[in-house]
């Protein structure tokens, strides 16, 4: 075998390999869109919120997509979440509220729809929960850590230069003062009141009635029904069928999944390190975030 033959063979092999990879990317782009524009008959959109609520953008994107589609007559919002960060939960709440003003949106609670998971459900047209769903937990929390004694043991000293007495409140390297605690409590109380007002508005209940159970307690779906926090007990399929009836669809409605977010593979390759770095920073700073959990 000559050197020229080896080079030609290697070139052909590389070309075929690149062609194969290109075909995979094209296939994923074509098959992975999941766009409901190919569905001709009317259907019910399905949006899922799973896990901790740390960001609102994807859920909002999906809701807005279905709101614009004339062939989507209603949406089922499947919630299986223990809650999450306050601001993203509030953003999703507002989007659900806007959606409900134009189309029907039915919440189906999975095993867990507590705190922020309940918050985003409150303004829906109708809420279904399973009898054993864990829900409610209407409350707010800030988790702070203190490592001052550990630093003393290993001989590390911390120096802070600040512009005001509250600027380093919650720092892990010093104890909370009485003033710090009072300041944080005022923030918690304000955000808790926001939660109560949101539930009262979404569920059309008196604020005093909501406040009586807004002490962080969790409820089963069955208990939540008694407190008027949910409308009916039932499964995801029950919620889908009811959404179809509310939308005026005869027979079993077609369930339409939202389109997958379009991926830019060059951005993924170039942004992977940046995303990991930002994720690490988020984990470090999460202790100072207001949480519905």
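Read-outs throughout are calculated quantities, based only on the coordinates presented, and are distinct from any laboratory measurement. Keep in mind it's a predicted model, so treat the numbers as computed, not measured. Note that we place each Cβ from the backbone using ideal geometry, even for glycine, and neighbour counts take in every protein chain shown.
Results, tabulated for the structure shown:
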item: Per-peptide average of other Cβ atoms within 10 Å, ordering 119-126, 95-102 highest first; result: 119-126, 95-102
item: C-alpha center-to-center spacing [the stretch 208-256, the stretch 49-73] in angstrom; result: 19 Å
item: The stretch 36-292 - share of DSSP beta bridges that are antiparallel (%, nearest 5); result: 20 percent
item: Whole-number percent relative contact order across the stretch 108-196, with pairs defined as alpha carbons under 8 Å at least 6 apart; result: 28 percent
item: Efficiency of FRET from Cβ geometry, residue 64 and residue 149, R₀ 41 Å, rounded to 0.05; result: 0.25
item: Convex hull projection area averaged over all views, the stretch 36-292, Cα basis, nm²; result: 17.7 nm²
item: Sites residue 188 and residue 102, calculated FRET efficiency, Cβ-Cβ separation with R0 30 Å, nearest 0.05; result: 0.30
item: Burial ranking of peptide ranges 80-92, 151-163 (average Cβ count within 10 Å, highest at the top); result: 80-92, 151-163
